[in-house]
1. Inspect all residues belonging to region 115-134 and state whether any of them is in a loop (DSSP other than H, G, I, E, B), open to solvent by 30 Å² or more (accessible area, probe 1.4 Å) and not β-branched (Val, Ile, Thr).
2. Out of (1) outside any helix (DSSP H, G or I); (2) open to solvent by 20 Å² or more (accessible area, probe 1.4 Å); (3) modelled with pLDDT of 90 or more, what's the single condition that is false for ASP202?
3. Looking only at region 91-113, count how many residues are open to solvent by less than 50 Å² (accessible area, probe 1.4 Å), of a type outside the set (S, T, N, Q) and closer than 20 Å to GLU179 by Cα.
4. Which one of these is at pLDDT 95 or above, of a type in the set (S, T, N, Q) and open to solvent by 10 Å² or more (accessible area, probe 1.4 Å): SER144, SER172, SER153?
5. Being in a strand (DSSP E or B) and not hydroxyl-bearing (Ser, Thr, Tyr) narrows it down to one of VAL94, VAL110, so name that one.
Amino acid sequence: MSLSHKLQNHLWQRLWLAMFFLLVSLGGLQTVVANGKVETSHAAATCEQLDPKVTLSDPNGTLLISKGLNLPPYLEDDLAGRIQRLKESGVHWVRLEFVATQEPGAGNPVSQIDLAYYDRLINGICEAGIAVLGLVDYQSLKRSDWALNNTASADYVTEFSTVAAQLTEHFSDRIGTWEIWNEQDLAGTALTAESYATLLHDTYWAIQNAAKDEADGQDRVVFG
């Protein structure tokens, strides 16, 4: 392994450790768990507050597991049938990517995302008692200049964090957990450790600022 590869791996390891302890200390990273039936005594009034738990048999009786599904946003099947299949599969969390499909409006980058479509989809998911992990990543903007040198420019970070904040506000009562980027260490979607740390940091605080007026005053944030 070359010195540059060793240094890059070292940076990634330090980044993951630093971000893990940062998010835990801030209360931003919590275990997302879902499997089996939702405990009615903990049923939330809104989808944003859903946190279904299943305890497995272990010596302490406290082992929790998560059962979820990665749900592509743009499917051609009927929505009601899709929601029903999720319920029949015992899924209580879905990971949903926000994908830009249209040109942005002037000064409003979130307009790249078809919010009317996501409203219908997420409302159906929530009505079924299923929680949503919102994924904001390289498909949430109609630009990919970050891929030129695996570095998100200051302008890109600003636009990206703005979209995340606007989504947080729009879905304030329906989504309480957000994932930032996906496979940032994989060829084709990679960012340098330094660039991803900046993106994660700025987006984390943009989300928390947008969520400050929610009932719990914050949203959970996890990294890719």
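The values are calculated or read from the model by the stated rules, or taken from the named source; none is laboratory data. What you see is a predicted model; the values in this text were computed from it and never measured. Ligands, DNA and RNA are stripped out before the accessible areas are found, and what is left, the full protein with its side chains, is counted by its heavy atoms. Shrake-Rupley method; radii C 1.70, N 1.55, O 1.52, S 1.80 Å.
1. No, that holds for no residue.
2. Here ASP202 meets the rest and fails (1).
3. 12
4. The conditions single out SER153.
5. VAL94
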